[in-house]
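Here the structure comes first, spelled out in structure tokens, and everything after it is commentary.
The values are calculated or read from the model by the stated rules, or taken from the named source; none is laboratory data. Just so you know, these numbers come straight off a predicted model, no measurement behind them. Here the Cβ positions follow ideal geometry from the backbone for every residue, glycine too, while neighbour counts run over all protein chains shown.
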Amino acid sequence: MPRSAITATGLAVPMFRELKETRYQFAEPWTTYSTRTQTGLGVGPTPLDEGAAATVAWWRARSN
């Protein structure tokens, strides 16, 4: 959505006012590095397939 449309819509819709402030987060891909977290806290990133499987299992268990 163009910035001008977000600004105009934000005059009537409060959520769009906030979106204007966070739009930069969606403008480009994010690149993150976990080296400091891994070193300092001893934790690491979860592989995508493992995280997806755990999320699906959680969702299925939740709906029963």
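If Pro47 meets every condition in (1) at pLDDT below 85; (2) surrounded by fewer than 10 Cβ atoms within 10 Å (Cβ to Cβ); (3) under 20 Å from the mean Cα position of the chain (by Cα) apart from one, which number is that one? Going through the list (1) at pLDDT below 85; (2) surrounded by fewer than 10 Cβ atoms within 10 Å (Cβ to Cβ); (3) under 20 Å from the mean Cα position of the chain (by Cα), Pro47 breaks only (1). Scoring Trp59 on the criteria (1) assigned to a helix (DSSP H, G or I); (2) surrounded by 10 or more Cβ atoms within 10 Å (Cβ to Cβ) leaves a single failure, condition (2). Looking across the stretch 4-20, the residues that are assigned to a helix (DSSP H, G or I) and either touching a residue at least 24 places away in the same chain (Cβ under 8 Å) or exposed (fewer than 10 other Cβ atoms within 10 Å of the Cβ) (or both) come down to Ser4, Pro14, Met15. Checked against the criterion of being over 30 Å from Pro2 (Cα atoms), within 16 Å of the chain's Cα centre (by Cα), part of a helix (DSSP H, G or I) and modelled with pLDDT of 85 or more, the stretch 22-43 has no qualifying residue.
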